[in-house]
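The values are calculated or read from the model by the stated rules, or taken from the named source; none is laboratory data. All values derive from a computational prediction rather than experimental measurement. Counting neighbours? That spans all protein chains shown, and the Cβs are built from the backbone with ideal geometry, glycine included.
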Amino acid sequence: MTAALRAVAHFDLRAILTDPSIRVVVTCGSGGVGKTTTAAAMALFAAGQGRKVAVLTIDPAKRLAQSLGLGELDNVPRRVVLPDLDDAGPDDRADGRGIDGRVTVSQERKSGELWAMMLDTRLTFDEMVQSNSSAERAAQILENPFYRTISTSFAGTQEYMAMEKLSQLAGTGEYDLIVVDTPPSRSALDFLDAPQRLGSFLDGRMIRLLTSPGRGVMRVLGAGFQLFTKAVTSVVGGQMLADAGRFVQLFENMLGGFRERAQATYDLLRSGGAAFVVVATPEPDALREASYFADRLRADLMPLAGLVLNRTHPPMADLSMAATAEAAGDLAREDPLTLAALAIHGDRLTTRAKEIKMRARFDRAHPDLAVIEVPALPFDAHDLPALRKIGTSLTRGGTAGGVQAGSVGGG
Amino acid sequence: MSVSGSGSGSVSGPTSGSVSGSGSVPDSVAAAEPRTGSGVTGWPRAARRARLHVVTGKGGVGKTTVAAALALALASGGKRVLLAEVEERQGIARLFDVPPLPYQERKIAVAAGGGEVRALAVDIEAALLEYFELFYNLGFAGRTLKRMGAVEFATTLAPGLRDVLLTGKIKETVTRRGSDNLPAYDAVVMDAPPTGRIATFLNVTVAMADLARRGPIRNQADGVINLLHSEDTVVHLVTLLEDMPVSETLEAIAGLKAANLPVGTIIVNAATVSHLDAASLTPAAEQRLDTERLVAGLSMAGIDAKPELVAGLAAETAHHAVRVLAEHDCRVQLAEAGVPMLELPRLVDGADLGGVYELADDLAGQGVGR
């Protein structure tokens, strides 16, 4: 297959994030797995390596948004002040070399920049309409009551607009790297076929059927279709249908342009200049979604870099489960502090054993998908130092096929 | 933290060194901090009276697991409970490890004391076609239009329609009566959309703006509004003790209250059970753990207390203490909402089907089903 697909043999995020030919990194995964945090941590790391990076977030936690300096209604990237960039430890510094010793960043140290933005779906849609049609027509579209509905609540609009924004940002040529977060649902990858999805609705076959009966398929369906029209009208009301019909007429001329742009974004993502990172936590649901994402990306021949397994619990002390239990038994209730420490350690070993089992299962299903584990922090990561720490874990280098998982754990 | 320089940094005194023979050791080393800040705990009267329990929560907090546990707890003592999902995720089938649920009520579990839980996955397409069939007898045309994506089309045109159909189906199960004229179900637990969407989802009044002024679905919507604003309904919010779920929970509560929808309880899921007593939490979190005591304790248990081992255990203990304290802050924040709180522990072994029964017992112990 393609070079991009073979590249998963090792998952070297440091190399990916510092490779000047990689211009876009996309994170995907289910809700609550730390996708946005991972995206921000990767962006911060790349900025620390001297690149000019934009991170496009969908719905960041408030405190994370604050630390990235994201205002409420911003739909353009804002520069994030990085006061401690120069204080970063040697671990965070560019050595200018990837894992294979290839020079990836200029040895000459230049200061990177981090820019961040939060997607506003409605505004992005507005901008797209305005830049693709005459002022007069754009105004008519924006005023249409039906536009309100489709620009905010049509399933897939958010995904589609995330990609539209990505294509806008990439088009400016201002950033060395754009890190894109995706909406926290399985439909996040709908953008892969969003041009078709959005198109099939907006090209208005259905609406024309309903608003101008007497032609096409309608003749075949005959009386049954009239009943259906009546049913739909009785449910959504005639006014809604009329607004939708007018909207589709106004919108029709723009469709060609949309499809082209969507296609260009799709091609960019599929090119060697992009990398997809799937994020999951070691929980059955999150891993199932990760499997889905991995399969879907491969089916579309998208460059899947690997899986970030977030919030794992590797033991920090080398004491087996048996020895821990025995010691706790010996102590009985005589020493609450040591007992507590042993109980905490025992829980961690149990949790870790479960994680290893789940990871082994995942590895069997995806033997060639490389995995990087990021140990859980005891608190929510929402400031730059915490993001930097995660960035360090992310760029330590991962393994394929569960080598790492098997070697950790004292159970 | 220093573990090699014995005694130099750590606090010495009566607690360090041997503790053998001490009579003042607490009976249990577990959970000494208050469970729910200053808030109200337990299963409130409104929830006891309600028949429709709407369960929401941010993605990833264990909403489906908690909804299932709640259904089991409510079914104990011979009750009949329906557990319904509305997001077409087949989360219930996955949790109970059965094939995907059809658009049909199926017995899925037996509760303590002979009760029974049935499950239903509400399918939007089936629900809409059910209406169309009922009122318009579409036959062949209905099937063809389904293939053409007509249902997606109709719900795209009027997003509120989706919510009206889903809540309408739930309402039907709550108000249904058997041949004995008693309610078909003692309670219905709905695994509802996430917190970000719950107020919109339940606020059918707004969704109706999208709909025609007359017709079957409109009548349905009127009935739903009555049910959701009656004493028969309560909304429960599942959360983790983490920043983002907590702030989303508080926002959702405000949204529900603004829409005059009845908030029942906050159900904290996966709370860390503290292994440290209250007095040790802060020192442990600040890495001021009495490592000498740890060394002595380990040695007493016959373990070679090597510096790396002691440092590792101390680090794990610090992690744990930081987590417990952070969770406590979250509890305090949640308590400000003034909503009764229930709490479920993090299952170290994972939330599988066995875990659901464990959580159900835990809920029953906090008053659910009584």
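Summary of values
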{"read-out": "B:ALA71 vs. criteria at pLDDT 85 or above and part of a helix (DSSP H, G or I)", "value": "yes"}
{"read-out": "Breaking point among (1) part of a helix (DSSP H, G or I); (2) surrounded by 19 or more Cβ atoms within 10 Å (Cβ to Cβ), for B:THR200", "value": "(2)"}
{"read-out": "Residues of the range B:203-230 classified as within 12 Å of chain A (Cβ to nearest Cβ) and outside any helix (DSSP H, G or I), total", "value": "5"}
{"read-out": "Answer from A:VAL25, A:VAL33 - the residue that is within 14 Å of chain B (Cβ to nearest Cβ), touching a residue at least 12 places away in the same chain (Cβ under 8 Å) and not hydroxyl-bearing (Ser, Thr, Tyr)", "value": "A:VAL33"}
{"read-out": "3 or more residues of a type outside the set (Asp, Glu), at the interface with chain B (Cβ under 7 Å from one of its Cβ atoms) and touching a helix residue (DSSP H, G or I) at 6+ places or on another chain (Cβ under 9 Å): qualifying helices (runs of 4 or more DSSP H) within the range A:306-399", "value": "A:336-365"}
{"read-out": "A:MET302 vs. criteria closer than 30 Å to A:SER167 by Cα and touching a strand residue (DSSP E or B) at 6+ places or on another chain (Cβ under 6 Å)", "value": "yes"}
{"read-out": "Filter result for B:ALA311 (touching a residue at least 12 places away in the same chain (Cβ under 8 Å) and either basic (Lys, Arg) or at the interface with another protein chain (Cβ under 7 Å from one of its Cβ atoms) (or both))", "value": "no"}
{"read-out": "Positions within the range A:327-352 being surrounded by fewer than 17 Cβ atoms within 10 Å (Cβ to Cβ) and of a type in the set (A, V, I, L, M, F, W, C), in sequence order", "value": "A:ALA332"}
{"read-out": "In the range B:184-197, residue nearest to the other protein chains (Cβ to nearest Cβ) [restricted to those that are more than 30 Å from A:LYS62 (Cβ to Cβ) and surrounded by fewer than 19 Cβ atoms within 10 Å (Cβ to Cβ)]", "value": "B:ALA184"}
{"read-out": "Search result, residues across the range A:128-139 that are in contact (Cβ under 8 Å) with a residue 40 or more places away in the chain and crowded, with 18+ Cβ neighbours inside 10 Å", "value": "A:MET128, A:VAL129, A:ASN132, A:SER133"}
{"read-out": "Residues satisfying the stated conditions in the range B:96-118, i.e. charged (D, E, K, R) and in a loop (DSSP other than H, G, I, E, B)", "value": "B:ASP97, B:GLU105"}
{"read-out": "Residue check, A:ASP295 acidic (Asp, Glu), within 11 Å of another protein chain (Cβ to nearest Cβ) and assigned to a helix (DSSP H, G or I)", "value": "no"}
{"read-out": "Scope the range B:279-308; condition without any contact (Cβ under 8 Å) to a residue 12 or more places away in the chain and facing chain A (nearest Cβ under 8 Å); matching residues", "value": "B:ALA301, B:GLY302, B:ILE303, B:GLU308"}
{"read-out": "Every residue from the range B:174-210 that is closer than 24 Å to B:PHE153 by Cβ and touching a strand residue (DSSP E or B) at 6+ places or on another chain (Cβ under 9 Å)", "value": "B:PRO193, B:ARG197, B:PHE201"}
{"read-out": "Pairs with Cβ under 8 Å, 6+ apart, first in the range A:356-370 and over 16 Å from A:GLU283 (Cα atoms) and small (Gly, Ala, Ser), second in a helix (DSSP H, G or I) and modelled with pLDDT under 95", "value": "A:ALA370/A:VAL8; A:ALA370/A:ALA9"}
{"read-out": "Cβ pairs under 7 Å, 6+ apart, first in the range B:165-179 and loosely packed, with under 15 Cβ neighbours inside 10 Å, second not in a strand (DSSP E or B)", "value": "B:ARG176/B:ALA184; B:ARG177/B:ALA184; B:GLY178/B:ALA184"}
{"read-out": "Any hit, the range A:323-330, residues being within 19 Å of the chain's Cα centre (by Cα) and not aliphatic (A, V, I, L, M)", "value": "no"}
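Conditions (1) in contact with an Asp or Glu (Cβ under 8 Å, 6 or more places away or on another chain); (2) within 11 Å of chain A (Cβ to nearest Cβ), marked per residue:
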site: B:VAL238; (1), (2): no, no
site: B:PRO245; (1), (2): no, yes
site: B:THR249; (1), (2): no, no
site: B:ILE267; (1), (2): yes, no
site: B:THR272; (1), (2): yes, yes
